[in-house]
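What follows is a short report on a single structure.
The values are calculated or read from the model by the stated rules, or taken from the named source; none is laboratory data. Only a predicted model underlies this, so the values are computations on that prediction, with no experimental measurement involved. As a convention, Cβ positions derive from the backbone with ideal geometry for all residues, glycine included, and neighbour counts pool all protein chains shown. When the accessible area is computed, the model is the full protein with side chains, heavy atoms only, and any ligands, DNA or RNA have been set aside. Shrake-Rupley method; radii C 1.70, N 1.55, O 1.52, S 1.80 Å.
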Amino acid sequence: MKSTFPTISISTERLVLRPLEDDDVPALTDMMNDEQVIAWTDVRHPFSEADARAWITRGAPAERAAGHGLALAVTEFLTQRLVGVVRLDKTDWHVRSTELMYVVAPWARGEGYACEAALATARWLFHDQRFERIELRTAADNTAAQQVAQKIGSISEGVLRGACIARVRAENGTWSEARTDYIVWSLLPEDLEGTGGRYADTGGFSSYPDWN
């Protein structure tokens with residue numbers, strides 16, 4: 001029997017994680033055109049409002065319906081502004097495992113939002129969905145994303161050599177691709193012990209495939 005994630009909302013001290021909505025199109029578009037997002041993800045560039053709307057209305061719902069994953073908008077509790085996105089992908093319902101990915105808007109970095117959102121999602125997966133493993137992959141040169149993985153309690157398992165394509169911006173403004181390694185991290189239910197409290201966020205990103 002095919003399994004899917006429910007339509008849910010997750011609340012933390014400062015954030016609300018909820019399904020993406022049409023009103024998120026402008027903020028999502030701005031976020032995906034940020035230089036750091038372009039560098040560390042394979043998001044389409046330039047990323048238009050039409051791309052954002054297609055992902056919100058068709059791409060993300062299709063992935064959830066197929067049982068592959070889930071996309072959640074990360075918003076500030078007080079202002080309701082979109083500060084980021086958390087995405088689950090490559091979900092294996094038999095093994096009860098999934099890959100966790102995240103991105104934070106440039107104006108919201110340094111507030112601990114990536115750690116807070118990722119940790120809340122992990123707790124929901126382990127406690128409510130009975131998952132047994134969460135995987136994260138960070139580019140070898142993306143130290144900020146690695147710090148987020150460490151702060152939520154993830155354990156580094158090894159390196160996938162040459163498995164990641166990053167993008168580098170030249171002085172003339174053009175982008176080129178550069179191959180690098182992936183660091184693979186895992187998070188198990190027992191790893192969440194001692195991860196309470198607020199985290200200092202370094203604004204890291206994990207890879208986001210298939211945004212087009």
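If you go through the stretch 83-97 one residue at a time, do you hit one that is closer than 16 Å to residue 7 by Cβ, surrounded by fewer than 15 Cβ atoms within 10 Å (Cβ to Cβ) and among the hydrophobic types (A, V, I, L, M, F, W, C)?
No: zero hits.
Quick one: count up the residues across the stretch 1-53 that are small (Gly, Ala, Ser) and without any contact (Cβ under 8 Å) to a residue 40 or more places away in the chain. Walk me through how you get there before you give the answer.
At the first step, the residues of the stretch 1-53 found to be small (Gly, Ala, Ser) are 3, 9, 11, 27, 39, 48, 50, 52.
With without any contact (Cβ under 8 Å) to a residue 40 or more places away in the chain added as a condition, the list becomes 9, 48, 50, 52.
Within the stretch 1-53, residues that are small (Gly, Ala, Ser) and without any contact (Cβ under 8 Å) to a residue 40 or more places away in the chain number 4.
Quick check on residue 210: is it outside any strand (DSSP E or B), at pLDDT below 90, acidic (Asp, Glu) and open to solvent by 50 Å² or more (accessible area, probe 1.4 Å)?
Numbers: outside any strand (DSSP E or B): yes; at pLDDT below 90: yes; acidic (Asp, Glu): yes; open to solvent by 50 Å² or more (accessible area, probe 1.4 Å): yes.
Taking the combined requirement at face value, the residue satisfies it.
Just for the stretch 133-157: of the residues that are charged (D, E, K, R) and out of contact with any helix residue (DSSP H, G or I) (no Cβ under 8 Å at 6 or more places or on another chain), which one is surrounded by the fewest Cβ atoms within 10 Å (Cβ to Cβ)? Quick ask: steps written out before the conclusion?
Going through the stretch 133-157, the residues charged (D, E, K, R) turn out to be 133, 135, 137, 141, 151, 157.
Within this subset, residues satisfying the condition of being out of contact with any helix residue (DSSP H, G or I) (no Cβ under 8 Å at 6 or more places or on another chain) are 133, 135, 137, 141, 157.
Details: 133: 16, 135: 18, 137: 21, 141: 17, 157: 12.
So the residue we want is 157.
Filtering the stretch 34-54 down to residues that are at pLDDT 95 or above and part of a helix (DSSP H, G or I), which residue is surrounded by the fewest Cβ atoms within 10 Å (Cβ to Cβ)?
Once the filter is applied, the top-ranked residue is 50.
Inside the stretch 65-87, can you point out the residues that are assigned to a strand (DSSP E or B) and touching an Asp or Glu at 6+ places or on another chain (Cβ under 8 Å)?
Step one: of the stretch 65-87, the residues assigned to a strand (DSSP E or B) are 70-76, 82-87.
Selection gives 70, 71, 73, 82, 83.
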